[in-house]
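Since the structure comes first, as structure tokens, the remarks are kept for the end.
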Amino acid sequence: MRLAARLAICLLPMLASAASTRAQTTAQPPSEPQAYCVNRTAQFYPYTGEPCKTGYQLGPGNCRKTDGRMVAVAREQCLAMSGTVELPVEGGRRPETLKSTK
């Protein structure tokens, strides 16, 4: 009986801590999308796991900020923050530039 009481005393704080951690985890708001579906006119919508609509391609955003990060914002907002509008490339890869052999 004493063993059962001691086990209960030891396990109760661990179970309470686990329940508290689970409640905190589920209460957190969802993070920002990591990918967007972007078309050639810089329009975008968050990627939800399903294939992008026709004319849209998957990408990290449509605007490269001056620090190099990609974000998804309206074209005007991108230009206002000195960003560069970067649209998706056919096939998802940029064409490689030829290097000089000299």
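Values in this text are rule-based calculations from the coordinates and carry no lab data. A quick note: this is a predicted structure, and the numbers were derived from the prediction, not measured.
One decimal place: the segment Q43-V71 gains 8.9 nm when fully extended, by the rule 0.36 nm per residue minus the C-alpha distance.
Over the C-alpha atoms of segment 36-92, the Rg to Rh ratio, Rh being the Kirkwood estimate, stands at 0.96.
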